[in-house]
1. From the list A:E137, A:E143, A:E179, which residue is at the interface with chain B (Cβ under 9 Å from one of its Cβ atoms) and at pLDDT below 95?
2. At pLDDT 90 or above, out of contact with any strand residue (DSSP E or B) (no Cβ under 9 Å at 6 or more places or on another chain), surrounded by 18 or more Cβ atoms within 10 Å (Cβ to Cβ) and hydroxyl-bearing (S, T, Y): is that true of B:T104 in this structure?
3. Kindly check whether there is at least one residue in the stretch A:161-184 that is touching a Ser or Thr at 6+ places or on another chain (Cβ under 8 Å) and more than 15 Å from A:G103 (Cα to Cα).
4. Within the stretch A:46-87, count every residue that is among the aliphatic types (A, V, I, L, M), over 28 Å from A:L145 (Cβ atoms) and surrounded by 15 or more Cβ atoms within 10 Å (Cβ to Cβ).
5. Output the number of residues of the stretch B:12-55 satisfying the condition of being more than 11 Å from DNA strand C (Cβ to nearest atom) and either over 27 Å from the mean Cα position of the chain (by Cα) or of a type in the set (V, I, T) (or both).
6. Provide a single number: the residues in the stretch A:61-98 that are more than 20 Å from A:Q24 (Cα to Cα), of a type outside the set (K, R) and not in a helix (DSSP H, G or I).
7. Working only within the stretch B:1-45, note down all residues that are part of a helix (DSSP H, G or I), within 16 Å of DNA strand D (Cβ to nearest atom) and either modelled with pLDDT under 85 or surrounded by fewer than 10 Cβ atoms within 10 Å (Cβ to Cβ) (or both).
8. It is to be established whether one or more residues within the stretch A:77-96 are modelled with pLDDT of 90 or more, within 14 Å of chain B (Cβ to nearest Cβ) and over 23 Å from the mean Cα position of the chain (by Cα).
Number of protein chains: 2
Amino acid sequence: MDAELVRSLSPRRPAGKREQTKVQNRHLILEAARRVFAELGYGATTVRDIIRATPLASGTFYNYFKSKEEVFQAIQDESALRIRPRLHEERAKAATIEEFISGTFLTFFEFVAEDQANFRALRRSTDALHVRMDTPEIIAGFEELRQDIVAATEKGLFPPVDADFLMAAMVGVAFEVAERMLRRSDRGPAEAAAFATALFMGGINALPAGRMGGANGGGA
Amino acid sequence: MDAELVRSLSPRRPAGKREQTKVQNRHLILEAARRVFAELGYGATTVRDIIRATPLASGTFYNYFKSKEEVFQAIQDESALRIRPRLHEERAKAATIEEFISGTFLTFFEFVAEDQANFRALRRSTDALHVRMDTPEIIAGFEELRQDIVAATEKGLFPPVDADFLMAAMVGVAFEVAERMLRRSDRGPAEAAAFATALFMGGINALPAGRMGGANGGGA
DNA sequence: CAGGACCGTGACACAACGTCAACTTTTGCG
DNA sequence: CGCAAAAGTTGACGTTGTGTCACGGTCCTG
């Protein structure tokens with residue numbers, strides 16, 4: 001009786017054992033999946049590979065996820081869930097277009113740099129192939145950006161742009177430049193954000209002067 | 001003897017029967033794959049599904065491709081092979097930055113609109129997931145863009161920009177805006193290209209005024 | 001402490017994978 | 001033209017992955 005009372009009143013659950021293992025199992029699976037995806041690549045990984053990297057039985061896996069796609073989604077969503085509020089907040093407090101833009105890009109690129117392990121490993125697949133997957137949570141993040149643009153426009157911050165296309169452009173630049181940034185040692189989040197911000201603020205002619213080539217001298 | 005002589009001299013092969021069916025089988029597989037990918041989505045498709053959509057035996061499939069990934073690659077590469085020269089030519093004859101930029105985007109968006117069947121179906125997977133895959137031929141296209149930017153810079157056309165990041169930014173905008181364009185009925189290649197060009201020429205403030213929201217009033 | 005709810009377990013039936021020995025068709029050559 | 005070697009196709013097969021479910025153990029509730 002006391003136990004129940006305490007549990008219901010306490011803000012942080014002492015957690016029944018049942019619930020505890022549920023959280024733990026989910027975590028075990030996601031951790032294992034991260035390792036396996038990183039090692040084999042997303043495409044080559046099978047549900048069985050993930051299960052084997054876990055102390056659990058195959059049936060248990062299916063109590064938590066329907067497929068490897070769902071596991072992948074969950075991993076991506078975890079990242080998206082961590083960064084989405086930061087991005088939104090950054091834009092909410094922006095007083096100028098430039099703050100809106102640079103805040104968004106800098107936050108994103110810094111996150112990517114920290115989160116490199118997830119971001120990069122999960123995008124590397126077999127061979128030279130590169131797979132990108134937009135999960136519901138990520139799509140929600142895009143939609144939030146669009147709405148933030150609309151809101152900024154209504155506040156008179158932005159000119160009356162096509163919010164849908166502008167959102168798409170920002171998303172495209174963010175992901176593609178982030179990827180390049182990770183492959184280069186001579187450019188970090190600050191430089192990437194400066195580049196993207198200058199592009200959106202004034203176009204090509206406003207871009208900071210940079211080395212003309214890329215970092216990769218070799219390659220095909 | 002005559003046969004051999006004719007074959008070796010003639011520029012267009014009368015084609016041995018062997019070689020003929022080889023081309024045909026490859027085509028059969030790719031056509032079947034296009035249909036199956038479009039119907040089931042890339043992720044859900046199995047090699048067996050593709051084979052079943054073909055009059056061939058399973059062993060034959062493996063004479064042509066190692067996996068569904070390779071089939072997918074071949075399909076993508078076919079598209080890339082069609083558009084790459086057009087893009088390069090467009091940029092080669094550009095006398096100003098604006099021609100370079102708008103030529104690239106307009107050509108790309110027009111291609112996407114024509115090629116919609118391939119472009120869209122192949123990117124739709126199960127549920128709301130969206131998969132993008134960069135094949136060697138596509139990567140080569142990116143590299144070509146980078147080199148064209150370097151060349152344009154050396155001709156004094158471009159300011160001394162970071163060609164690597166600029167290439168990434170253009171690629172990101174191209175793909176992401178293309179995707180949006182396809183989902184909207186109120187914007188075609190011309191509008192999409194105008195948008196992207198204005199963005200790169202002068203940043204947000206130079207963008208054409210557009211409806212602020214997107215086309216999709218509903219959604220999540 | 002008992003009974004029930006909950007959930008982990010691994011064996012199972014089924015489907016997909018990639019291979020290979022046997023077979024068929026084409027080609028090169030006398 | 002005919003024949004032997006080369007090339008290519010076929011589908012059955014062993015193997016591996018898939019998703020389910022009846023069983024059994026553990027935790028919760030009263």
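The values are calculated or read from the model by the stated rules, or taken from the named source; none is laboratory data. Predicted model only: the values in this text are computed from it and were never measured. Because the Cβ atoms are built from the backbone with ideal geometry, glycine has one as well, and the counts that use them run over all protein chains shown.
1. On inspection, the qualifying residue turns out to be A:E179.
2. Judged against the criteria, B:T104 is a match.
3. Taking every residue of the stretch A:161-184 in turn, at least one turns out to be touching a Ser or Thr at 6+ places or on another chain (Cβ under 8 Å) and more than 15 Å from A:G103 (Cα to Cα).
4. 5
5. 6
6. Adding up the residues that qualify gives 3.
7. B:D2, B:A3, B:E4, B:L5, B:V6, B:R7, B:K17, B:R18
8. Within the stretch A:77-96, one or more residues are modelled with pLDDT of 90 or more, within 14 Å of chain B (Cβ to nearest Cβ) and over 23 Å from the mean Cα position of the chain (by Cα).
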